[in-house]
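For reference, the structure discussed in these notes is given below.
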Amino acid sequence: LTAMGDPSMDPTISAADSTAQQDSLFSMMDVFLISLITGLFTYWFFFRKKKEEVPDLPKMQSVVAPVRDSSFIEKMKKTGRNIVVFYGSQTGTAEEFANRLSKDAHRYGLRGMAADPEEYDLSDLSRLSEIDKSLAVFCMATYGEGDPTDNAQDFYDWLQEADADLSGLRFAVFGLGNKTYEHFNAMGKYVDKRLEELGAQRIFELGLGDDDGNLEEDFITWREQFWPAVCEHFGVEATGEESSIRQYELVVHTDVNMNKVYTGEMGRLKSYENQKPPFDAKNPFLAQVTENRKLNEGGERHLMHLELDISNSKIRYESGDHVAVYPANDSSLVNQIGEILGTDLDTVMSLNNLDEESNKKHPFPCPTSYRTALTYYLDITNPPRTNVLYELAQYATDSGEQERLRKMASSAAEGKALYLSWVVEARRNILAILQDMPSLRPPIDHLCELLPRLQARYYSIASSSKVHPNSIHICAVTVEYETKTGRLNKGVATNWLKSKVPDQNGSSSLVPMYVRKSQFRLPFKPSTPVIMIGPGTGVAPFIGFIQERAWLKQQGKEVGETVLYYGCRHEHEDYLYREELARFQKEGVLTQLNVAFSRDQAEKVYVQHLLKKNKENVWKLVNEGMAHIYVCGDARNMARDVQNTFYEIVSEFGNMSQPQAVDYVKKLMTKGRYSLDVWS
């Protein structure tokens, strides 16, 4: 082919070089004839080849076949499963619940599998009836302001657009939410309602878990009624007591190439040594901390401002986005667990899934050491859930301790109360439980299998990319408190960030991070007024907003009124970004700075009190100025109190009844004029 192609290239080359030279070599007729002959010959050659290849076409089937891997139906048929539990999970809890439900199935002569909706084609739900005694369960968490979790976004989009007939599908939904948020359990409610609209049959009522209360108890209560409903529907019975079934097997590596061992990476091996964009949850960027300063002048708390260098990362962010950081557990806690269990933490091992068909080969990146797993991959500071206690009970040699653990893991009222007081309210983590139960000494590999994954922590970005394109700023307060047992518990991420002191070349100041896009956005028109309400560290995104408005003003843009309602405890103790805010006000960018010092006088004063005080101006900005309202901070009290204040202002100045005022504010939310970035 190459040889035949060469002559046909010559005329083109000569034409590009010089017309005169072309004329001397060939006449126009020569060029035409040669081109024609070459063209016909080339056409014949390829035509002939295609004819020869026709008999080989069936071989192509082997290339196409793996696409079927996206079908959970084929996988269920292949592995003899009849229950699939999908999870929409942001922090790992919904995934954990899905795994527990799928493991439960064996007690009823059924076989279950947990599945990430992101990995499968959910339109196959219409085919689930091809499998006998089949059931789809959905453990769906709600993220942010009524949004689906990242891994359930495609499923949510499909549900909205689907015109499928799901009449053969049997389903149940358990939602994970938080009552302090405006859109409590929105995703669970939507999936439950939409599946029924598409013709699916609900075999058990929607469960609504509340993380502001006791999510674990909500799940257990739902689960203990769910399984009898399944038994009744399918005509099956429980096969016996709940038994401990290991999901992973331990493999200890005595002679291993250390270059093949994970040392904290989230996805690709050696990804921290050889960084490649794009950066995301499975491939975080190692950002250098270039600044870490204390923001407060006094008081017991430690409030800090950090700056992460994202130069050369190709990471882009906008004001209002969140930065996710992967923290590490305190090495002293890790060492204490190792000592109590008498384990060499530097043993290199793998936990391999006993279900060879599972997409999840390991509970965390393997091979790795116990030290790495307990430091970077596992949550060792939160109180363990009841299923962990149940599995661990078998290792307690003292009958009293074993009975206590089993009781806390049971669905009996007495057991639930004991779990609530002894574990949840006492904030006992796994180390505290091991310390307080001297006979409980589980194998460390089983403990590593049971503990949930350590999750990334999200922070509202406190900078504008227009002003700081190569750095991301964080504003945070270290979490530290004494428990009912007298122990000092420390927040994993904030205390880890506190230790990140900028240095010249050490790895001690590196932070694995990525950016998560948000809907918390400045108005499209800079001339639109903004009312920002953010006490404490809730001021973080507004520092970015104000920086951006200042930049827009410097560009000659007309910038609307920029109003901030900020609050802290004491003016001379924890007034964050005092100098920056004063400068912005002096420059005329920040048109109003209203600060509530809650504890500087006998009666507490909060941001909602200042809103009421300025209610006429607030209404004018909202009603006439078409202002956008932004609320950032505590969801449980502040955000709710602020919203109630807006109801009052709208009712008074808009001459509306309470229900009309509520409807008015909800419409502002729908139009994107009332935005929340809150946490509980």
Worksheet item: Per the 1.4 Å probe, what fraction of the accessible area of region 328-454, in percent, lies on carbon and sulfur atoms?
Response: 46
Worksheet item: How large is Rg/Rh for region 113-267, to two decimals, with Cα atoms and a Kirkwood Rh?
Response: 1.05
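Order 376, 190 by their accessible area, 1.4 angstrom probe, all chains in place, largest first.
Heavy-atom accessible area, descending, gives 376, 190.
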Practice prompt. Provide the descending list of Cα extents for region 430-500 along its principal axes, expressed in whole angstroms.
Written response: 58, 29, 17
Worksheet item: Which is farthest toward the positive dipole end of the chain among 376, 135, 350, measuring Cα position about the Cα centre, with Cβ charges +1 (Lys, Arg) and -1 (Asp, Glu)?
Response: 376
Worksheet item: Once the dipole of the chain is set up with Lys and Arg at +1 and Asp and Glu at -1 on Cβ about the Cα centre, which of 267, 222, 458 lies farthest towards its positive end?
Response: 458
Worksheet entry | Span from the region 619-679 Cα centroid across to the region 102-128 one, whole angstrom | 42
Response to the item:
Relative contact order as a percentage, region 113-206, C-alpha pairs under 8 Å and 6+ apart, gives 33
Discussion item. Just to verify a number: what accessible area does residue 496 come out at with the full protein assembly present, 1.4 Å probe, Å² rounded to tens?
Written reply: 30
Item to complete: Please work out how much accessible surface residue 184 shows to a 1.4 Å probe, ignoring ligands, DNA and RNA, in Å² rounded to 10.
Response: 30
Practice prompt. Take the alpha carbon atoms of region 585-605, find their center, do the same for region 249-294, and report the distance between the two centers in whole angstrom.
Written response: 44
Discussion item. Two decimals, Cα atoms only, Kirkwood Rh: what is Rg/Rh over region 568-677?
Written reply: 0.98
Item to complete: Take the alpha carbon gyration tensor of region 328-454, find the square roots of its eigenvalues, order them as a ≥ b ≥ c, and report rounded if a/c is under 1.5; if not, report prolate when a/b exceeds b/c, else oblate.
Response: prolate
Discussion item. Only four residue types carry charge here, +1 at the Cβ of Lys and Arg and -1 at the Cβ of Asp and Glu. Report the dipole size of region 328-454 about the Cα centre in Debye, rounded to the nearest 20.
Written reply: 340
Discussion item. Defining a contact as two alpha carbons under 8 Å apart and six or more residues distant in sequence, what relative contact order in percent does the chain show?
Written reply: 11
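Compare 664, 575 by solvent-accessible area with a 1.4 Å probe and give them largest first, with all protein chains kept in place.
Accessible-area ranking of 664, 575, largest first: 664, 575.
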Practice prompt. Work out the FRET efficiency for residue 346 and residue 131 from their Cβ-Cβ distance, taking R0 = 51 Å, and round it to the nearest 0.05.
Written response: 0.65
Worksheet item: Let a ≥ b ≥ c be the square roots of the eigenvalues of the Cα gyration tensor of the chain; is it rounded (a/c under 1.5), or, if not, prolate (a/b larger than b/c) or oblate?
Response: oblate
Worksheet entry | FRET efficiency, residue 656 to residue 636 (Cβ-Cβ, R0 30 Å, nearest 0.05) | 0.65
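Would you please classify the overall shape of region 265-343 from the alpha carbon gyration tensor, given that a ≥ b ≥ c denote the square roots of the eigenvalues, rounded means a/c under 1.5, and beyond that prolate means a/b larger than b/c while oblate covers the rest?
Working: a/c = 2.66, a/b = 1.11, b/c = 2.41.
Oblate, since a/c reaches 1.5 and b/c is not below a/b.
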Fill in: Solvent-accessible surface (1.4 angstrom probe) belonging to residue 380, in square angstrom, nearest 10
0
Practice prompt. Can you send over the carbon and sulfur percentage of the accessible area for region 474-587, probe radius 1.4 Å, protein chains only?
Written response: 48
Fill in: Candidate residues 552, 420, 389: accessible-area rank, largest first, probe 1.4 Å
420, 552, 389
Worksheet, complete the sentence: Using alpha-carbon coordinates alone, the radius of gyration and Dmax of region 96-137 in Å work out to 11.0, 29
Worksheet item: Where the only charges are on Cβ atoms (+1 Lys, Arg; -1 Asp, Glu), what is the dipole of the chain about its Cα centre, to the nearest 20 debye?
Response: 840
Worksheet, complete the sentence: To the nearest Å², the heavy-atom accessible area per residue of the chain with 1.4 Å probe amounts to 48
Discussion item. Using the crude model of +1 on Lys and Arg Cβ and -1 on Asp and Glu Cβ, and no other charge, please compute the dipole size for region 515-594 relative to its Cα centre, in debye to 20.
Written reply: 400
Practice prompt. Would you mind putting 107-117, 87-97, 515-525, 598-608 in packing order, based on average other-beta-carbon counts within 10 Å, highest first?
Written response: 87-97, 107-117, 515-525, 598-608
Practice prompt. Only Cα pairs under 8 Å and at least 6 apart count here; give the relative contact order of region 530-678 as a rounded whole percent.
Written response: 24
Response to the item:
Excluding residues fewer than 8 positions from residue 620 in its own chain, the lysines with Cα under 19 Å of it are 525, 612, 666, 667, 671
Discussion item. Under a crude label model (7 Å from the Cα following the beta-carbon direction), how far is residue 157 from residue 332 in nanometres?
Written reply: 4.8
Discussion item. Can you order the peptides 168-181, 477-490, 528-541 by their average number of other Cβ atoms within 10 Å per residue, highest first?
Written reply: 528-541, 168-181, 477-490
Fill in: Efficiency of FRET from Cβ geometry, residue 314 and residue 620, R₀ 51 Å, rounded to 0.05
0.70
Worksheet entry | Charge dipole (the chain, unit charges on Cβ, about Cα centre) - positive-most of 180, 607, 93 | 607
Worksheet item: Looking at this model, which pairs from 77/260; 294/517; 517/557 are more than 30 angstrom apart at the alpha-carbon?
Response: 77/260
Worksheet item: What nm distance separates the two modelled labels at residue 291 and residue 680, each placed 7 Å from Cα along Cα→Cβ?
Response: 3.5
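The values are calculated or read from the model by the stated rules, or taken from the named source; none is laboratory data. Bear in mind that the values here come from a model prediction, so they are computed numbers and not experimental data. With ideal geometry, Cβ positions are generated from the backbone for all residues, glycine too; neighbour counts draw on all protein chains shown. Please note that ligands, DNA and RNA were not included when accessible areas were found on the heavy atoms of the full protein model with its side chains. Shrake-Rupley method; radii C 1.70, N 1.55, O 1.52, S 1.80 Å.
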